[in-house]
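Remarks on the structure that follows.
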Amino acid sequence: MKIKADNLYKVFDGKGQKEIEMLKNGMSKDDILEETGATVGINNASFEVEEGEIFVIMGLSGSGKSTLLRCINRLVEPTAGSVKVDGTDVMELNKEKLREFRKEKFGMVFQNFALFPYRTVLENAEFGLEIEGVDQEERRKKAMKALKQVGLEGYEDQKPDQLSGGMQQRVGLARALAVDTDILLMDEPFSALDPLIKKDMQDKLLDLYEHIDKTIVFITHDLDEALKLGDRIAIMKDGEIVQVGNHEEILTNAENDYVAEFVQDVNRSRVLTAKDIMDKPKAVLYKQDGLRTALHKMRHNEIGSIFVLGEKISIEV
């Protein structure tokens, strides 16, 4: 297991334990805000991320998804709970060890690009390596490799304001790739982009994913984006994770009314394949088997109909 989070809570502007007890006693996020003035960011969130998968955390504005992402590397300090990365309890690390652990394990890509306007594309891409103290020759080599990976070879001397929004986000992605960490944390990186540019960036990320050995935690408010990118999806509401599952589970087996309503307008034909929704036949009959065999198989399997295949047709069951 690459990442394992258990019973995470985050309370802003409150005493913490008091508000957690109120949540455990069934009080809502809004009730707690009205009574105490504290804002509940995360409410008892638990999830696991497998090594090498794209795990998408999806929810509407204010659902707590970005807060939860930042709890993984403690950019936001959880009020309670535990986070383990490769077996290391992140909550037990002191400031110095946490800083080193972040450098080793996490790269981040932000929604607002977070580029330095006075630096060139290359200088922006190598910034993380510069902070780590990597010598200039080595960091330029790694940054150039990352820029090539994201399709920005030849743009290294440009400034950010000379690039489109999609290209600027590619610089942010290259910066995260250059430091070569195990995990990429991506906080709504494509949400500010125009639809066509967003699609291009989604395709680029999926193409990159096939060639890099990374675990990705991706934040979005867009269900179509979540279904396109995610191996598994966690849906959040009011600081809680209300369902975790793959495409088929989310679309065909909603665990509550909120998820069912959320996915009701999704074009399932763009996500599900026939294999996802077909049941395997209990029995198969070949044309040459005859009536006696057909009746025997139907009685044995307690079915009222049976698939009959020709001599040159086979079916995988």
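The values are calculated or read from the model by the stated rules, or taken from the named source; none is laboratory data. These figures come from a predicted structure and were not determined experimentally. When we count neighbours, we look across all protein chains shown, and the Cβ atoms used for this are built from the backbone with ideal geometry, even at glycine.
Results, tabulated for the structure shown:
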{"read-out": "Filter result for Ala146 (part of a helix (DSSP H, G or I), in contact (Cβ under 8 Å) with a residue 24 or more places away in the chain and not β-branched (Val, Ile, Thr))", "value": "yes"}
{"read-out": "Test: residue in segment 68-90 that is in contact with a Pro (Cβ under 6 Å, 6 or more places away or on another chain) and assigned by TED's automatic domain parsing to the domain that holds Asp30", "value": "yes"}
{"read-out": "Only one of Leu129, Leu177, Leu115 that is of a type outside the set (Ser, Thr, Tyr), modelled with pLDDT under 95 and farther than 28 Å from Val49 by Cα", "value": "Leu115"}
{"read-out": "Any hit, segment 52-59, residues being assigned to a strand (DSSP E or B) and surrounded by fewer than 16 Cβ atoms within 10 Å (Cβ to Cβ)", "value": "no"}
{"read-out": "Residues being touching a Lys or Arg at 6+ places or on another chain (Cβ under 7 Å), touching a residue at least 60 places away in the same chain (Cβ under 8 Å) and among the small types (Gly, Ala, Ser) - total across segment 156-186", "value": "0"}
{"read-out": "Single condition Thr79 does not satisfy, out of (1) closer than 30 Å to Leu205 by Cα; (2) in contact with a helix residue (DSSP H, G or I) (Cβ under 8 Å, 6 or more places away or on another chain); (3) buried (at least 17 other Cβ atoms within 10 Å of the Cβ)", "value": "(1)"}
{"read-out": "Among (1) in a loop (DSSP other than H, G, I, E, B); (2) closer than 27 Å to Ile131 by Cβ, the one test that Arg175 misses", "value": "(1)"}
{"read-out": "Residues of segment 92-112 that turn out to be outside any helix (DSSP H, G or I) and modelled with pLDDT of 90 or more, as a count", "value": "6"}
{"read-out": "Qualifying residue in segment 187-209 (condition: in contact (Cβ under 8 Å) with a residue 60 or more places away in the chain, in contact with a strand residue (DSSP E or B) (Cβ under 6 Å, 6 or more places away or on another chain) and surrounded by fewer than 23 Cβ atoms within 10 Å (Cβ to Cβ))", "value": "yes"}
{"read-out": "Residue in segment 86-95 that is under 22 Å from the mean Cα position of the chain (by Cα), crowded, with 17+ Cβ neighbours inside 10 Å and not hydroxyl-bearing (Ser, Thr, Tyr) present", "value": "yes"}
